[in-house]
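Accompanying notes for the structure given below.
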Amino acid sequence: MAAASLAVLCGKVSAVLKTSRSLISSQATASTGFSLNLLLKNTPNITSLHQCRLLHTTLSRKGLEEFFDDPKNWGEEKVKSGASWTCQQLRNKSNEDLHKLWYVLLKERNMLLTLEQEAKRQILPMPSPERLEKVVESMDALDKVVQEREDALRLLQTGQEKARPGAWRKDIFGRIIWHKFKQWPIPWYLNKRYNRKRFFAMPYVDRFDRLKCEKQARIQARRKNLEKRKEKLLQEKFPHLSEAQKSSLV
């Protein structure tokens, strides 16, 4: 019984191979005059490989050339570049676009850092150094937008402000700090290490807290007075500019 079923299966497989062989040979000869038989051992002479489109390959990647600027910009003192990405522009893009843009900016930053190091080595000015600042600003804005989305998703799912749960507490010096919660293998009332932590300040610390607040207030007041003095000196030195500014405000 088993031998009969095996013979029937072999017959079906051979029939399928014969039909597939005939179909492939007919389609290959009818396409562009290029014959390709995948089931025969003897393959025909291939004149050019670009005529065969059955295998898809990705684009060729460059090597260390990606760490250097475009050869068109070599020897130029100024290179044209666009403005940096703003948070408002990045908020309109999807997560996939932000992921792609991050790696584009990362490659550009590596290239500009290489160019900056080479300029230092040759004791020459770097062409358009503001490009590096724009890339850094764009990456900071992108990181901020991604963090905003993560915070919004976490608030929607768990209602927590921080990525790691915690609480605002006062340390032994009277400062308000964010205490991050940890996972302990034993309850808190049995944990000697946790119980050694002091989340309160002694009464004699209040006096030093008041002195600290007074010191910060004096520093801010002194800074404001210094800015006012500078503005007054500039107005006395350049009276026409102060009058023009007043007229523009009116």
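The values are calculated or read from the model by the stated rules, or taken from the named source; none is laboratory data. Since we're looking at a predicted model, the values are computed, not measured. Just so you know, the surface numbers come from the protein's heavy atoms only, side chains and all, with ligands and any DNA or RNA stripped out. Shrake-Rupley method; radii C 1.70, N 1.55, O 1.52, S 1.80 Å.
Worth a mention:
- Whole-number D in µm² s⁻¹ for region 103-250, Kirkwood Cα-pair radius fed into Stokes-Einstein, 20 °C, 1.002 mPa s: 95 µm²/s
- Per-residue SASA remark: L106, around 60 Å² accessible (1.4 Å probe; ligands, DNA and RNA not included).
- Exceeding the 31 Å Cα-Cα cut-off - candidates K80/K100; K162/K228; K80/K228; K144/K182: K162/K228; K80/K228
- Each distinct pair of alpha carbons in region 73-142 adds a 1/r term; the inverse of their mean, the Kirkwood radius, is 13.1 Å.
- Radius of gyration (Cα atoms) of region 129-202, expressed as a multiple of 2.2 N^0.38 Å: 1.68.
- With eigenvalues of the C-alpha gyration tensor scaled by 5 and rooted, region 165-250, Å: 52, 18, 8
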